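Undergrad: Please find one structure pasted underneath; my questions will follow.
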Amino acid sequence: MKRALITGITGQDGSFLAELLLSKGYEVYGLIRRKSTLDYGKVEHLKNDIKFVTGDMTDFVSLVNAVKESKPDEVYNLAAQSFVAASFGQPVLTFSVNAMGCENLLEAIKQEKSDARFYQASTSELFGNTKERPQNEKTSFKPESPYAISKLAAHYITQNYRDGYGIFASTGILFNHESERRGKEFVTRKVTDGVAKIKLGKQEYIELGNLDARRDWGYSKEYVRAIWLILQQEKPDDFVIATGESHTVREFVELAFKYAGIDIVWQGTGVDEVAINTANNKVVVKINKQFFRPLDVNYLVGDSTKAFNTFGWKSEVSFEELVKLMVENDLKENC
């Protein structure tokens, strides 16, 4: 029986990955921080199937102990301060968790279980506002936020442990991936949850920032399968995981309202732009300058040809299906 250690197990990707590994017969260990009240997050339904070990990405000793206890064949580092907007206000914390946390974990593996295979969750935010489209493994990096900078450092740290110490260390450069388990602080879930509440009369409007930012959005449950496949390869490597399609926040909003049965029309321009519910002439979307980043990434779209050619992975869930799935989930949750 294979043993896997997952950091960030209580989040969206961690929960889907834990389900996948358990279905494949793995013994799954999850790293959680010690709190006064134990919070299993998105793996509450799996808490009796997972062996939890306490630790913190900023505390090297605790990670050494976690590796000693779990003796993993595979380590999936999904832990992060992953909210891009928050990284501008907490850059030191973001770097400590994302970059130094990765270094701490790899060093713990090197010392205690050097034959373990290691996966680092990289991100499309590494590419920033590069002019190359679509972005693939050879595209130059241009990080535009403290979050992206911290993740780029972790990306290079992972490559360094692979090349310098012979650790089986791979990265997945995952483009945006969403689901019904996405945190509500992220724009996609903020939209679908807000739309559901508006439909049910529990909220009047949603406040958003840049509607014209373009992202390559996929389904998290599919993406964790790619994560697993990356560690099953003969050699460690770096892989872009993406749908190959790019859509604006505006498109996401329009589809979300459509699937909730609400017709909207846009009025105004810039920060004065609003969306109006045509049925009752009420404003359902407002623009708030507070939600604009100091530096924003305008256009991301990924090319996952290498992943398809290497291990046959491609996205199956369409953008429209993803938005519909999330809206339907939030309508049920808010009833």
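The values are calculated or read from the model by the stated rules, or taken from the named source; none is laboratory data. This is a predicted model, so every value here is computed, not measured. Because the Cβ atoms are built from the backbone with ideal geometry, glycine has one as well, and the counts that use them run over all protein chains shown. For accessibility, only protein heavy atoms count, side chains too; no ligands or nucleic acids. Shrake-Rupley method; radii C 1.70, N 1.55, O 1.52, S 1.80 Å.
Undergrad: Can you give the Rg to Rh ratio for the chain, taking only C-alpha atoms and Rh from Kirkwood?
TA: Numbers: Rg = 20.1 Å, Rh = 20.6 Å.
Dividing the radius of gyration by the Kirkwood radius yields 0.98.
Undergrad: Evaluate the relative contact order of the chain (contact order divided by residue number), counting alpha-carbon pairs under 8 angstrom at least 6 apart; express in whole percent.
TA: Value for the chain: 17 percent.
Undergrad: Okay, moving on. Give the relative contact order (percent, whole number) for the stretch 225-335; include only Cα pairs under 8 Å separated by 6+ residues.
TA: Working: 104 pairs, mean separation 35.6, N = 111.
Relative CO of the stretch 225-335 lands at 32 percent.
Undergrad: Looking only at the chain, where both bridge partners belong to it, what percent of the DSSP beta bridges are antiparallel (to the nearest 5)?
TA: 20 percent
Undergrad: Hey, another quick one. Using only the Cα atoms of the stretch 272-335, construct the convex hull and provide its projected area averaged over every direction, in square nanometres to one decimal.
TA: Working: hull surface 32.3 nm².
The number I arrive at for the stretch 272-335 is 8.1 nm².
Undergrad: If Rh is defined by the Kirkwood formula over all Cα pairs and Rg also comes from Cα, what ratio Rg/Rh do you get for the stretch 174-268? Please report the intermediate quantities before stating the final value.
TA: Working: Rg = 16.2 Å, Rh = 15.1 Å.
Rg divided by Rh gives 1.07.
Undergrad: Let me ask something else. Tell me the GluC sites (Glu not before Pro) within the stretch 151-243 that lie in a loop according to DSSP and have at most 16 other beta-carbon atoms within 10 Å. Display every interim value, and only then the final one.
TA: Values: sites: Glu178, Glu180, Glu185, Glu204, Glu207, Glu222, Glu234; in loops: Glu180, Glu185, Glu204, Glu234.
The qualifying sites are Glu185, Glu204, Glu234.
Undergrad: In units of 2.2 N^0.38 Å, what is the alpha-carbon radius of gyration of the stretch 134-186? Don't skip to the answer; put the middle values down first.
TA: Values: Rg = 13.8 Å, N = 53, 2.2 N^0.38 = 9.9 Å.
Working it through for the stretch 134-186, the quotient is 1.39.
Undergrad: Another question, then. Give me the net charge of Ser304's neighbourhood, meaning all other residues with Cβ under 10 Å from the Cβ of Ser304; Lys, Arg count +1, Asp, Glu -1. It would help to have the intermediate numbers written out before the result.
TA: Working: positive: Lys306, Lys314; negative: Glu137, Asp216, Asp303.
Summing Lys and Arg as +1 and Asp and Glu as -1 gives -1.
Undergrad: Mind listing the Cα extents of the stretch 202-317 along all three principal axes, in Å, largest one first?
TA: Result, largest extent first: 58, 33, 22 Å.
Undergrad: Follow-up. First compute the accessible area of the chain with a 1.4 Å probe, then give the percent of it belonging to carbon and sulfur atoms.
TA: Numbers: 6980 of 14780 Å².
Ligands and nucleic acids excluded, carbon and sulfur give 47 percent.
Undergrad: Using only alpha carbon positions, build the gyration tensor of the stretch 22-146, then give the equivalent ellipsoid semi-axes as the square roots of 5 times its eigenvalues, largest first, whole angstrom.
TA: Numbers: eigenvalues 156, 63, 50 Å².
So the three semi-axes of the stretch 22-146 are 28, 18, 16 Å.
Undergrad: Can you tell which of Lys199, Lys235, Lys324 shows the greatest fluctuation in a Gaussian network model of the chain with Cα springs below 10 Å?
TA: Lys235
Undergrad: Can you give the angle from 0 to 90° between the axis of helix 60-70 and the longest principal axis of the chain, with both taken from C-alpha atoms, to the nearest 10?
TA: It works out to around 80 degrees.
Undergrad: Follow-up question, since we're still on this one. List the pair-distance distribution P(r) of the stretch 78-166, using every Cα-Cα distance, as the percent of pairs falling in each 10 Å bin from 0 up to the bin containing the longest distance, rounded to whole percents.
TA: Bins of 10 Å from zero give 17, 45, 30, 7, 0 percent of pairs.
Undergrad: Ala196: net charge of surrounding residues, Cβ under 14 Å, Lys/Arg +1, Asp/Glu -1, itself excluded? Present the calculation step by step, with values, prior to reporting the outcome.
TA: Details: positive: Arg182, Lys184, Arg189, Lys190, Lys197, Lys199, Lys202, Lys258, Lys324, Lys332; negative: Glu180, Asp193, Glu204, Glu328, Asp330, Glu333.
So the surrounding residues net to +4.
Undergrad: Another question, then. Considering only DSSP states other than H, G, I, E and B, which trypsin sites (Lys or Arg not before Pro) in the stretch 27-91 qualify as loop sites with at most 10 other Cβ atoms within 10 Å? Each step should come with its number before you reach the end.
TA: Values: sites: Arg33, Arg34, Lys35, Lys42, Lys47, Lys51, Lys68; in loops: Arg33, Arg34, Lys35, Lys47.
Listed in order of number, the matching sites are Arg34, Lys35.
Undergrad: Hey, how many Å between the Cα centroid of the stretch 40-115 and the Cα centroid of the stretch 163-223?
TA: Rounded to whole Å, the Cα centres lie 21 Å apart.
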